[in-house]
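Report on the structure given below.
The values are calculated or read from the model by the stated rules, or taken from the named source; none is laboratory data. Here the structure is a predicted model, which means the values were calculated and not measured. When we count neighbours, we look across all protein chains shown, and the Cβ atoms used for this are built from the backbone with ideal geometry, even at glycine. Quick note on the areas: whole protein, heavy atoms, side chains included, nothing else; ligands and nucleic acids left out. Shrake-Rupley method; radii C 1.70, N 1.55, O 1.52, S 1.80 Å.
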Amino acid sequence: MFVSLWEFFYGHFFRFWMKWLLRQMTGKCELQRIFDAYGGAQRTHRIENSLTYSKNKVLQKATRVAESEVDQCVEDIMKEKSISPEKDASFKICMRTCLLQITGYKQLYLDVENVRKRPYDSDNAHHEKLLLKLWNLLMPTKKLTARISKQWGDIGFQGDDPKTDFRGMGILGLINLVYFSEKYTSEAHQILSRSNHPKLGYSYAIVGINLTEMAYSLLKSEALKFHLYNFVPGIPTMEHFHQFYCYLVYEFDKFWFEEEPESIMYFNLYREKFHERIKGLLMDCNVALTLKM
């Protein structure tokens, strides 16, 4: 109750008068003061909050504009806040960058969600080609004898037909598996080999799909904002989402063997422990998680 009262008081009274007082003292609006004091993800995050909680409709709308509308939106903000481009030459550039990151993150989530919702379709030639590509990337010296085969278990699928394993993440799970195997082929072979360890082994493909779900949930919960705001100086794209997935795959394999679980039966326990570790890293406003081989 006290928290709710404080939020109401802060949002409706204290914040307004504090902003007014600081503007009188500095001659600059809150947005300008943020640009002067912060950089990287901190800057974009604070700009996003300032725009979101503003009572000005033009500023509120700024976090929801399309990429094609960003330049006009920046002009509208400068007009609303009486910011002269001659007196503050960097404002336009900084605001444009922030808006591209903010609106780009929202669009990235929509793009990822659209792919995730698309189920694997064995009648879709592109889907089938992608699945066979995964096999050839991971098992270049071993020919697949049939489309439906127990051989799929060699790369960590549960049944004779991998399509049943993609139900949760749709075609997104397969796209991520192929991306990692294609961009980091040597590392993918090493991890696949390690996943066949007699004591510490795990199902490579199933774990890969599970990590797609982890990457997706972190994006959806907005936990990836600091990482992407630091890592991408403009619009985050599917490529950046795939790169983050690759980071998870590589780091989870290291984590699994460092932890040495007694059995694969404890997978969910260690998966959650790894998840919490990643969420902890992502809370750092200076974070930028990159793959380090």
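No other residue among Asn230, Asn210, Asn286 is at pLDDT 95 or above and part of a loop (DSSP other than H, G, I, E, B) apart from Asn286.
In segment 80-105, the residue that is least open to solvent (accessible area, probe 1.4 Å) out of those that are within 16 Å of Lys61 (Cβ to Cβ) and modelled with pLDDT under 95 is Lys81. For segment 67-84, a residue qualifies if it is outside any helix (DSSP H, G or I) and either basic (Lys, Arg) or touching a Ser or Thr at 6+ places or on another chain (Cβ under 7 Å) (or both), and exactly one does: Lys81. Out of everything in segment 186-200 that is assigned to a loop (DSSP other than H, G, I, E, B) and open to solvent by 20 Å² or more (accessible area, probe 1.4 Å), what residue ends up being nearest to Gln158 (Cα to Cα)? Within segment 186-200, the match that is nearest to Gln158 (Cα to Cα) is Asn196. Within segment 157-171, the set of residues being among the small types (Gly, Ala, Ser), assigned to a loop (DSSP other than H, G, I, E, B) and within 25 Å of the chain's Cα centre (by Cα) comprises just one member, Gly168.
Being among the polar types (S, T, N, Q), without any contact (Cβ under 8 Å) to a residue 40 or more places away in the chain and farther than 22 Å from His45 by Cα is a description that applies to Ser193.
Of all residues in segment 23-73, those satisfying the criterion of being hydrophobic (A, V, I, L, M, F, W, C) and surrounded by 15 or more Cβ atoms within 10 Å (Cβ to Cβ) are Cys29, Leu31, Ile34, Phe35, Ala41, Ile47, Leu51, Leu59, Ala62, Val65, Val70, Cys73. Taken over segment 23-50, the criterion of being in contact (Cβ under 8 Å) with a residue 40 or more places away in the chain and not charged (D, E, K, R) is satisfied by Cys29, Leu31, Gln32, Phe35, Gly40, Ala41, Gln42, Thr44, His45, Ile47.
When Phe244 is tested against the conditions (1) in a helix (DSSP H, G or I); (2) open to solvent by 50 Å² or more (accessible area, probe 1.4 Å), the lone failure is (2).
Tell me yes or no: at least one residue of segment 153-162 is open to solvent by 50 Å² or more (accessible area, probe 1.4 Å) and more than 20 Å from Tyr184 (Cβ to Cβ). There is at least one residue in segment 153-162 that is open to solvent by 50 Å² or more (accessible area, probe 1.4 Å) and more than 20 Å from Tyr184 (Cβ to Cβ).
Taking the conditions exactly as written (open to solvent by 10 Å² or more (accessible area, probe 1.4 Å), at pLDDT 95 or above and not aromatic (Phe, Trp, Tyr)), does Asp76 satisfy them or not? Judged against the criteria, Asp76 is a match.
Taken residue by residue, segment 85-107 has at least one member that is more than 30 Å from Lys28 (Cα to Cα) and in contact (Cβ under 8 Å) with a residue 40 or more places away in the chain.
Checking each residue in segment 203-215 for being open to solvent by less than 20 Å² (accessible area, probe 1.4 Å) and hydroxyl-bearing (Ser, Thr, Tyr) picks out Tyr204, Thr212.
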